[in-house]
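Structure record follows, encoded as structure tokens.
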Number of protein chains: 4
Amino acid sequence: MTPIPDTNLAERARFPLWARDVLRYGDTDRQGHVNNAVFATFCETGRVQFLIPLLPVGCSFVIARLILDYRAEIMWPGEVDIGTTVLAVGRSSFTLGQGLFVAERCVASAQSVMVLTDDETRRSTPLPEALRARLVELTAG
Amino acid sequence: MTPIPDTNLAERARFPLWARDVLRYGDTDRQGHVNNAVFATFCETGRVQFLIPLLPVGCSFVIARLILDYRAEIMWPGEVDIGTTVLAVGRSSFTLGQGLFVAERCVASAQSVMVLTDDETRRSTPLPEALRARLVELTAG
Amino acid sequence: MTPIPDTNLAERARFPLWARDVLRYGDTDRQGHVNNAVFATFCETGRVQFLIPLLPVGCSFVIARLILDYRAEIMWPGEVDIGTTVLAVGRSSFTLGQGLFVAERCVASAQSVMVLTDDETRRSTPLPEALRARLVELTAG
Amino acid sequence: MTPIPDTNLAERARFPLWARDVLRYGDTDRQGHVNNAVFATFCETGRVQFLIPLLPVGCSFVIARLILDYRAEIMWPGEVDIGTTVLAVGRSSFTLGQGLFVAERCVASAQSVMVLTDDETRRSTPLPEALRARLVELTAG
């Protein structure tokens, strides 16, 4: 699965959905900046705030692919604003686009391929119509 | 609840039970050493390896108090050996003693007060006899 | 070193200094609540926000002891308010008292013994007068 | 930058370099499995074990892109074996390929684009010949 080209993931105006994390001292590593793996946590913050209220009963969202483009270091202390949008919608999966911002600066952008799975079969299941409609609506952004 | 005086928690020979964690790059912080909160994670590693096989059905172990004495910095890379023993056994709670070691050096010692709780009532419940016997046996160490 | 008895660490009104952390999905563990080691991170958030602006040049604050009393589970999502005060001031060390709150509920209280160390000798060094005065002022709270 | 097609990143035999992490209780999240962001930490473990001994004086390795393909859940307790190889070598950057394994099962594969930067200019700098030769040698794997 190839990443979806999107030249706008570094622009705040691109994102209809926003979440925020507060940097923690322990997010830093011995290089003095926020550790690269914590960027994946910030992406998760934006994903779960958006997706958990939309989760169909008896189902889970599973991440299949994460593509993280690092653009700048994050220095403690501070906050990270996480913008989220929908880039594509498939039958049982969809792709989110995200931008991580410290003040006006884009420090990373990301794409996540999410799959809806049935908790019993643990296999992918088609997106229910209401969820699908909400996701498609956001792709227009 | 006062910590139990124990002059031996810095000595490897004191501990009958052992676990091991591998240091991770992200465990470090901007001061260049392993972040102080990760020491609590190492203590947990020793606790759960020991306690989970002993957990009575329908119950949980809940930590009520953690006392962590920091003795030396931990520098990445490396491994941490976690020694665990039992210091005291009560009706529904008990106190573990732990030592964290990098090679021969004790880098921290800890006491954890653990309470057995019933998953339904979410309240403390007496230690079953088999668990109690195992804990008491270890206090002899 | 025995913990300082303090019956007030569960009361919001006790604390002159405040910091805030946002819970992260990854703070939870397989028991469904925020992992116990993350409480140590919340304590650190309150400590560093207060102490780093007060740090004398060429020195570091080193944590010597952390005592964490767990009072209630923390459930994601939400925020944690971290109240901090000073309980005691010594020659080169001092003891902080902290309370962690989710809304009005105290979920944990903590005491941290902090030592000022000289970066060259890596040994403890007396608290400079300005720092000492600020710490003593806060013990009155 | 498009990910490099590589059908072999799920096969243990593909990787000349190996590292190992021990799962921690706190790696799990409320879904009961190891949190997705921790997979990025495992990738880092493999990268730093390989790269830090090769780091030219006055330089740093900076991650520019991480592509993580999640193939299976990781359940605590256990260990993760991290296989690393080199997929491509450029003028001042290179691409690592990695596989994460629990016993014989591939639970994730990853590609990381790494850039060598000069610590003074903080800009990319050409790979020194010795480093380049070592990286190229590994692409043959």
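Since every read-out is calculated from the coordinates, none of them should be taken as a lab result. All values reported here derive from a predicted model rather than from experimental measurement. Quick reminder, even Gly has a Cβ in these numbers, built from the backbone with ideal geometry, and neighbours come from all protein chains shown.
Counts of other chain beta carbons within 10 angstrom of each beta carbon in peptide C:57-67 average 4.
For residue C:128, the label point sits 7 Å beyond Cα toward Cβ; its separations from the matching points on the remaining copies run 3.9, 6.0, 6.1 nm, from shortest to longest.
Based on the alpha-carbon gyration tensor of the stretch A:1-86 and its eigenvalue square roots a ≥ b ≥ c, which shape applies: rounded if a/c is under 1.5, prolate if not and a/b is larger than b/c, or oblate? Let's see the in-between values first.
Values: a/c = 1.73, a/b = 1.43, b/c = 1.21.
It is prolate, given that a/c is not under 1.5 and a/b is the larger ratio.
Each residue, residue C:31 and residue C:18, gets one label point 7 Å from its Cα in the Cβ direction; the gap between the two is 2.9 nm. Electrostatic bookkeeping for residue C:56 treats Lys and Arg as +1 and Asp and Glu as -1; over the other residues with beta carbon under 11 Å from its beta carbon, the sum is -2.
Here, the stretch D:12-139 has an Rg and a Dmax of 15.4, 47 Å when only alpha carbons are counted. Net charge of the neighbourhood of residue A:83, taken over other residues with C-beta under 10 Å away and scored Lys/Arg +1, Asp/Glu -1, is 0. What is the log10 of I(q)/I(0) for the stretch C:64-141, computed with the Debye formula using one identical point scatterer on each Cα and no solvent, at q = 0.15, 0.18, 0.23, 0.26 Å⁻¹? Summing over Cα pairs of the stretch C:64-141 leads to -0.62, -0.79, -1.01, -1.15.
Placing pseudo-labels 7 Å out from each Cα toward the beta carbon at residue B:140 and residue C:91 gives an inter-label distance of 4.5 nm. Counted by Cβ distance under 14 Å from residue B:116, the other residues give a net charge of +2, where Lys and Arg count +1 and Asp and Glu count -1. Remark: C-alpha extents of the stretch A:44-90 on the principal axes read 40, 20, 16 Å, sorted largest to smallest. For the options C:121, C:41, C:84, a Gaussian network treatment of chain C with springs between C-alpha atoms closer than 10 Å singles out C:121 as fluctuating the most. How tilted is helix A:129-139 with respect to the longest principal axis of chain A? Cα atoms for both, answer in degrees (0 to 90, nearest 10). With both axes taken from Cα atoms, the answer is about 40 degrees. Mean projected area of the Cα convex hull of the protein assembly as shown, taken over all directions, amounts to 27.1 nm².
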